[in-house]
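These notes concern the structure reproduced below.
The values are calculated or read from the model by the stated rules, or taken from the named source; none is laboratory data. From a predicted model like this one, the values you see are computed outputs, not experimental measurements. Cβ: placed from backbone, ideal geometry, glycine included. Neighbour counts: every protein chain shown.
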Amino acid sequence: MTQPLRIAPSLLACDFARIGEEVRRTEEAGADWLHVDVMDGHFVPNLTIGPPVVKAIGRIARLPLDVHLMITDPAGYAGAFVDAGAEVLTFHYEVAPSTDGAREVIAAFREHGVPRVGVAVNPDTPVEPLAPILEAVDLVLVMSVFPGFGGQAFMEEVLPKTRWLREQGYRGRVEMDGGLNRVTTPQCAAAGADVLVAGSAIFGAPDMAERIRELRAGAEAARGEKSEAR
Ligand code: DX5
Ligand code: ZN
């Protein structure tokens, strides 16, 4: 059973000087979720935005906020991001790389009322260790670049991880993030991903709505679906 695709533009590639207009433009262009990249300068060598800015986005957004935490202490900030309006809150397995460690983060997220919990793996982190926690998460994010920056090249060697999750019978969302474009998005969808994040491919397009339609159509075709006008 497959779930409907979700196209999630990464606001990391938007014009942060006009973030409200960019959110509106993205929503009007036909996006499904808004992907928000939070970096702390420790887990990744970059800093982006924190709870106050995510909350400002949440106040005006109509679409669900898909918040990707690239931070070393996700449990400590879970409450702040729930308060900011996160619908999906994803932490990196690398910050608590054991079954018990990951279960603790997941438990903290649930205690804070995170609506949907995600766990992410970097390109060099195997996915098999997630097996014992798969039933406890709503989404697995398979990174297709090393996190920290937009505009990097897609690493197709991670695709077997997405396939493996589906082979295990994992029925939650599988998200892929990093280097997704018109060529690589169908590969992700064919492998079993159903949440497709794209930053530069969407914000760098001359016509954002057209680009989102192209990405969706390519992914649906790869899943053997007919694209519907929307
Ligand atoms: C990278 C971020 C991604 C990034 C993707 O650390 O997690 O969400 O914005 O950007 P593109 O689509 O340009 O690779
Ligand atoms: Zn991301």
> Hey, among Ala96, Ala120, which residue is crowded, with 17+ Cβ neighbours inside 10 Å and farther than 21 Å from Trp33 by Cβ?
Replying inline: Ala96
> Ala189 passes all but one of (1) within 8 Å of ligand 1 (Cβ to nearest atom); (2) out of contact with any Phe, Trp or Tyr (no Cβ under 9 Å at 6 or more places or on another chain); (3) among the small types (Gly, Ala, Ser); which number fails?
Replying inline: (1)
>> Just to be sure I understand the filter: pairs with C-beta atoms under 7 Å, separated by 6 or more residues or on different chains, first member in segment 8-36 and away from ligand 1 (no atom under 14 Å from the Cβ), second member at pLDDT below 95. Which pairs pass?
In response: Gly30/Arg230
> Can you tell me which residue in segment 27-53 is surrounded by the most Cβ atoms within 10 Å (Cβ to Cβ), limited to those that are outside any loop (DSSP other than H, G, I, E, B) and within 13 Å of ligand 2 (Cβ to nearest atom)?
Replying inline: His35
> Quick one: which helices (runs of 4 or more DSSP H) sit completely within segment 157-230 and have at least 3 residues that are farther than 26 Å from Pro115 by Cα and of a type in the set (A, V, I, L, M, F, W, C)?
Replying inline: 200-203, 208-222
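Per-residue answers, yes or no, for (1) touching a Pro at 6+ places or on another chain (Cβ under 8 Å); (2) away from ligand 2 (no atom under 11 Å from the Cβ):
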position: Ile133; (1), (2): no, yes
position: Val140; (1), (2): no, yes
position: Phe149; (1), (2): no, no
position: Glu157; (1), (2): yes, yes
position: Gly169; (1), (2): no, yes
position: Gly178; (1), (2): yes, no
position: Ala189; (1), (2): no, yes
position: Leu196; (1), (2): no, yes
> How many residues does segment 144-183 contain that are within 12 Å of ligand 1 (Cβ to nearest atom) and in contact with a strand residue (DSSP E or B) (Cβ under 6 Å, 6 or more places away or on another chain)?
Replying inline: 7
